[in-house]
């Protein structure tokens, strides 16, 4: 287990002899050497398992203090940057431009865009039905008139098998009539 190995290297002796002060010093050392919060927390989870399960010393977990990772705001592209990305989308055809437009315009994940079927587009209610998205959950997202028109153009041009994935015989894609 990597977490125990790193702690042992820091400690210089068998980790099962560690004290609460040793754990505090190790955590401070990780902070001072700029170990990322995610790596820091993974190591603590490993040590918690080691002390609770392997060493039968559950009191040691009280010394383990997880770090929170600062949340950064996402980069928001300007309208000009979005238009430029869509303009240079690979061709020929509208496939990639349509897929990128769906992803950016609706917030769908790449796998959700790949698994879309024509029957998922509800042009009467201006919605896209996402089946088995993140966490296996279904949801509906708004469909703009401009995006609907682009999808119709793509459909007329390519007559796809119902999705953006290029995998003949895929069970995720069904021909839409």
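The values are calculated or read from the model by the stated rules, or taken from the named source; none is laboratory data. Note that the structure is a prediction, hence the values are computed from the model and not measured. Methodologically, a virtual Cβ is constructed for each residue, glycine included, from the backbone with ideal geometry; neighbour enumeration extends over all protein chains shown.
Output the residues belonging to the stretch 2-36 that are surrounded by fewer than 14 Cβ atoms within 10 Å (Cβ to Cβ) and not in a helix (DSSP H, G or I).
12, 13, 14, 19, 33, 34, 36
Mind listing whichever residues of the stretch 37-81 are in a helix (DSSP H, G or I) and under 21 Å from the mean Cα position of the chain (by Cα)?
Within the stretch 37-81, 37, 38, 39, 40, 41, 42 meet the criteria.
Counting only residues that are on the phi < 0 side of the Ramachandran plot and in contact with a helix residue (DSSP H, G or I) (Cβ under 8 Å, 6 or more places away or on another chain), how many does the stretch 115-133 have?
Residues flagged as on the phi < 0 side of the Ramachandran plot and in contact with a helix residue (DSSP H, G or I) (Cβ under 8 Å, 6 or more places away or on another chain) within the stretch 115-133 amount to 9.
Being closer than 15 Å to residue 100 by Cα and either loosely packed, with under 15 Cβ neighbours inside 10 Å or not assigned by TED's automatic domain parsing to the domain that holds residue 96 (or both) is the filter here; which residues of the stretch 127-147 pass it?
If the condition is that a residue be closer than 15 Å to residue 100 by Cα and either loosely packed, with under 15 Cβ neighbours inside 10 Å or not assigned by TED's automatic domain parsing to the domain that holds residue 96 (or both), then 144, 146 are the ones that fit.
Just for the stretch 64-84: of the residues that are surrounded by 10 or more Cβ atoms within 10 Å (Cβ to Cβ) and touching a helix residue (DSSP H, G or I) at 6+ places or on another chain (Cβ under 8 Å), which one is nearest to residue 47 (Cα to Cα)?
Only one residue fits best here, namely 64.
Being surrounded by 15 or more Cβ atoms within 10 Å (Cβ to Cβ), modelled with pLDDT under 85 and farther than 30 Å from residue 16 by Cα narrows it down to one residue among 93, 162; which is it?
Every option except 162 fails the conditions.
Could you run through the stretch 110-135 and say how many residues are over 21 Å from residue 95 (Cα atoms) and at pLDDT 85 or above?
Number satisfying all stated conditions: 3.
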